[in-house]
């Protein structure tokens with residue numbers, strides 16, 4: 001196994017862990033912002049895992065739209081992630097962590113964030 005594969009696998013496992021955490025927190029009715037945050041983290045880490053696997057540099061990027069664009073440079077099918085609005089997780093989950101932004105995540109939005117993350121991780125496997 002090459003170094004890219006090892007590094008990519010580590011990132012993907014962390015993404016899967018974030019997704020499991022988000023799913024569990026959703027089931028127990030935890031604070032919606034923390035659920036959305038873990039869903040966003042799962043997507044971000046999965047996209048970065050793909051980029052690492054393909055030896056594509058991404059720098060210090062957390063913006064999901066930018067990561068999708070970079071993945072789409074390798075495989076245009078990644079543009080399909082825009083169809084489910086996955087890029088919306090970045091501002092929602094990141095900004096909602098801070099109390100002074102005025103952004104509140106509802107439980108419905110948290111559930112939708114988890115569903116989007118599940119789709120993104122399945123997409124990564126295809």
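The values are calculated or read from the model by the stated rules, or taken from the named source; none is laboratory data. Given the structure is predicted, the values throughout are model-derived calculations rather than measurements. With ideal geometry, Cβ positions are generated from the backbone for all residues, glycine too; neighbour counts draw on all protein chains shown.
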Could you say whether any residue in the stretch 98-108 is in contact (Cβ under 8 Å) with a residue 40 or more places away in the chain, under 14 Å from residue 43 (Cα atoms) and either buried (at least 20 other Cβ atoms within 10 Å of the Cβ) or over 13 Å from the mean Cα position of the chain (by Cα) (or both)? no
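Here's the yes/no breakdown for (1) more than 18 Å from residue 122 (Cα to Cα); (2) assigned to a helix (DSSP H, G or I):
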position	(1), (2)
22	no, yes
34	yes, yes
39	no, yes
62	yes, no
73	yes, yes
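Among the residues that make up the stretch 68-82, is at least one of them surrounded by 22 or more Cβ atoms within 10 Å (Cβ to Cβ) and at pLDDT 90 or above?
So far as the stretch 68-82 goes, yes, one or more of its residues are surrounded by 22 or more Cβ atoms within 10 Å (Cβ to Cβ) and at pLDDT 90 or above.
If we keep just the residues of the stretch 78-97 that are free of Cβ contacts under 8 Å to residues at least 40 places away in the same chain and part of a helix (DSSP H, G or I), which is nearest to residue 50 (Cα to Cα)?
For the stretch 78-97, the residue satisfying everything is 79.
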